[in-house]
Amino acid sequence: MAIPALQHFLDIQSLTDEQFWGLLRLARELKDERIRLGQNAPILAGKSLAMVFQKPSLRTRVSFEMGMQHLGGHAFYISPQEVGLGTRESVPDVARVLSGYADGIMARVFDHEHILQLAEWGSVPVINGLSDFSHPCQALADLFTIWEELGQLAGLTLVYVGDGSNNVATSLVMAAAKVGLTMRVVAPPGYQPDPAVLAHSGTDVTVTDDLDGVVGADILYTDVWTSMGQESEREERLRIFPPYQVNGALVDRTRNPDVKVMHCLPAHRGEEITDDVADGPHSLLFPQAHNRLHAQKAILAHLLGGIPLK
Ligand code: CP
Ligand code: NVA
């Protein structure tokens, strides 16, 4: 039976397991095509993507721009000052204006509600390029990377260490549930996943502040302790999080000599992760960053190019 088409890519939890797998398979196909032929078919010729940013970005901006270019389309960047989302102009107005210029909108925002409003008021597909609540493009690329590197997803254990309440952790919790990946979150009290997120994920996630939670991990995952927009909490967070640093001792504590280490980047090296681990033999940091391109090409090919999920 055909997999129902997606209208938007706002969050992982609104995808069915089959839609999530469909995107992973399409990413695989597009990556293989590019490796085999040195290029992709121009399935987005004549199409354009508006990229609205309220926060800085390296990976998201460049991988979406290059993804559009590889598929024969075009992307244009709109800076925080230019768009003034919700300040210079209301979100519904921005959504309706951009829908007349572009075939899709990718937005990076503070307030997750703004992503939902863009989708509600616009008439083109909307992609969540990170909000304070979630980072679904990252989770799709991360699971694609694990699948590629370890050959499977179901049955593996991913342990997220650090700020378990942030956008990246939230999307990983949601994504793990789609593919039968066992997920544990090792985080200090006050920085653990919202119970509503855990309930929504529909799977059992172990949450603990005990670092022995890393024992048996196939993947150790971390992210910054202070996310964009939380800068005023930085000092307090720097007092709380140091025991949760992903360093050589924590890698050893997994008791898995083949454990993989992941981080969405940008990293605050010397805080949540040490150089020896980030640059060492366990690290998947750069393959995972590169896979943002391939995972997002699948989202674009499907939403803007009508390529079906299989
Ligand atoms: N991981 C990620 O989204 O990176 P950027 O903030 O550089 O886009
Ligand atoms: N949690 C981080 C992720 C950056 C890609 C942030 O929101 O700043």
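Each reported figure results from applying straightforward, stated rules to the coordinates on display, with no laboratory input. In this text, all values refer to a predicted model and were calculated from it rather than measured experimentally. Every residue, glycine among them, receives a Cβ derived from its backbone with ideal geometry; neighbour counts consider all protein chains shown.
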Subset of the stretch 192-216 that is in contact with a Lys or Arg (Cβ under 6 Å, 6 or more places away or on another chain) and surrounded by 15 or more Cβ atoms within 10 Å (Cβ to Cβ) - its residue that is nearest to Asp142 (Cα to Cα): Val214
Residue match in the stretch 293-303 (condition: surrounded by fewer than 16 Cβ atoms within 10 Å (Cβ to Cβ) and part of a helix (DSSP H, G or I)): no
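When the stretch 216-240 is examined, which residues are found to be away from ligand 2 (no atom under 13 Å from the Cβ) and either out of contact with any strand residue (DSSP E or B) (no Cβ under 7 Å at 6 or more places or on another chain) or at negative phi (or both)?
Once the filter is applied, which keeps residues that are away from ligand 2 (no atom under 13 Å from the Cβ) and either out of contact with any strand residue (DSSP E or B) (no Cβ under 7 Å at 6 or more places or on another chain) or at negative phi (or both), the stretch 216-240 yields Ala217, Asp218, Ile219, Leu220, Ser232, Glu235, Glu236, Leu238, Arg239, Ile240.
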Near pairs, Cβ below 9 angstrom, 6+ apart or cross-chain, from the stretch 71-91 (surrounded by fewer than 18 Cβ atoms within 10 Å (Cβ to Cβ)) to any residue that is outside any strand (DSSP E or B) and among the basic types (Lys, Arg): Gly72/Lys47; His74/Lys47; Tyr77/Arg61; Pro80/Lys55; Gln81/Arg88; Glu82/Arg88
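One line per residue, one yes/no per condition, for (1) farther than 21 Å from Leu265 by Cα; (2) touching a His at 6+ places or on another chain (Cβ under 6 Å); (3) free of Cβ contacts under 8 Å to residues at least 24 places away in the same chain:
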| residue | (1), (2), (3) |
| --- | --- |
| Ser14 | yes, no, yes |
| Asp17 | yes, no, no |
| Leu23 | yes, no, no |
| Arg28 | yes, no, no |
| Leu44 | yes, no, no |
| Ser48 | yes, yes, no |
| Gln54 | no, no, no |
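Within the stretch 217-252, restricting attention to residues that are among the hydroxyl-bearing types (Ser, Thr, Tyr) and crowded, with 19+ Cβ neighbours inside 10 Å, which residue is farthest from Lys55 (Cα to Cα)?
Tyr244
Of all residues in the stretch 252-272, which are more than 13 Å from ligand 1 (Cβ to nearest atom), in contact with an Asp or Glu (Cβ under 9 Å, 6 or more places away or on another chain) and assigned to a strand (DSSP E or B)?
Correct list: Lys260, Arg269.
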Candidate set: the stretch 241-280, residues that are among the aliphatic types (A, V, I, L, M) and away from ligand 2 (no atom under 16 Å from the Cβ); chosen: the one nearest to the chain's Cα centre (by Cα): Val261
From Val124, Val94, residue being of a type outside the set (Asp, Glu) and not in a helix (DSSP H, G or I): Val124
Residue match in the stretch 189-198 (condition: away from ligand 2 (no atom under 16 Å from the Cβ) and under 16 Å from the mean Cα position of the chain (by Cα)): no
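Kindly evaluate Ala301 against the criterion of being closer than 23 Å to Arg28 by Cβ, within 14 Å of ligand 2 (Cβ to nearest atom) and not charged (D, E, K, R).
It is false that Ala301 is closer than 23 Å to Arg28 by Cβ, within 14 Å of ligand 2 (Cβ to nearest atom) and not charged (D, E, K, R).
Only one of Val261, Val277, Val251 is in contact (Cβ under 8 Å) with a residue 40 or more places away in the chain and not basic (Lys, Arg); which?
From the options Val261, Val277, Val251, the qualifying one is Val261.
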Any hit, the stretch 148-158, residues being buried (at least 24 other Cβ atoms within 10 Å of the Cβ) and under 14 Å from the mean Cα position of the chain (by Cα): no
